[in-house]
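Beneath this line is the structure, given in structure tokens, with notes to follow.
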Amino acid sequence: MKKHKIVWLGMAGLIGLNVSISSAFHPSVYHPRVPESILEEVQEIEDPDPVTAERIEAGKKIYFGKGLCVTCHSKNGKGVRIPGHSPRNFTDAKWQEARTDGELMWILKNGSPGTGMPIRVGKVISEKEGWDVIQFIRTFAPDPLD
Ligand code: HEC
């Protein structure tokens with residue numbers, strides 16, 4: 001009896017895990033990647049330091065260097081073709097508008113479950129480097145006056 005209960009709980013856990021993985025991913029690139037339950041608080045998290053040209057330059061070095069971002073997101077930020085879900089097009093102004101810096105930091109810390117986007121902050125780059133690379137990603141947005 002007791003054993004059955006443990007097996008059942010284990011199975012429920014597995015099913016629960018599958019549900020959370022598949023519901024985190026959404027085919028629309030504009031749909032938030034951060035889970036609904038924490039979305040508002042994550043959206044409000046801000047880069048603690050003022051944005052400077054030096055920081056954007058540092059972020060660029062991370063993007064092309066140890067962050068390995070360029071391998072999937074490409075030199076121009078539009079992304080390479082990879083099997084499964086494509087990397088984001090960083091030059092899409094509508095997408096840039098849809099996300100706060102806090103949401104991008106969440107992605108760098110958690111990856112995008114159900115896609116090829118890996119965890120970066122805490123694994124290959126520090127949180128400070130993460131904020132710098134986010135500021136570099138913001139420079140891919142086309143000028144709205146163009
Ligand atoms: C192995 C390939 C790969 C690497 C390496 C990679 N990414 Fe991604 N990235 C992806 C994919 C695929 C997506 C699309 C995920 C999705 O649609 O949820 C993505 C999405 C993103 C997003 C958008 C998430 C959103 O909220 O829409 C950001 C920001 C991002 N990556 C930043 C980075 C940065 C910065 C690096 C380097 C430090 C990096 N990525 C490295 C594959 C990669």
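The values are calculated or read from the model by the stated rules, or taken from the named source; none is laboratory data. Fair warning: this is a prediction, and the values are worked out from it, not measured in the lab. Every residue, glycine as well, gets a Cβ built from its backbone with ideal geometry; the counts of neighbours run over all protein chains shown. These area figures cover heavy atoms from the full protein model, side chains too; ligands, DNA and RNA do not enter into them. Shrake-Rupley method; radii C 1.70, N 1.55, O 1.52, S 1.80 Å.
Data table
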| quantity | calculated |
| --- | --- |
| All positions within region 58-75 that are touching a residue at least 60 places away in the same chain (Cβ under 8 Å) and more than 10 Å from the ligand (Cβ to nearest atom) | 58, 60 |
| Residues (open to solvent by less than 40 Å² (accessible area, probe 1.4 Å), more than 7 Å from the ligand (Cβ to nearest atom) and within 14 Å of residue 49 (Cα to Cα)) located in region 117-133 | 130, 131, 132 |
| Among residues of region 27-82, those that are under 14 Å from residue 138 (Cβ atoms), in a helix (DSSP H, G or I) and open to solvent by 60 Å² or more (accessible area, probe 1.4 Å), counted | 3 |
| Residues satisfying the stated conditions in region 83-116, i.e. open to solvent by less than 50 Å² (accessible area, probe 1.4 Å), in a loop (DSSP other than H, G, I, E, B) and within 7 Å of the ligand (Cβ to nearest atom) | 87, 88, 99, 112, 115 |
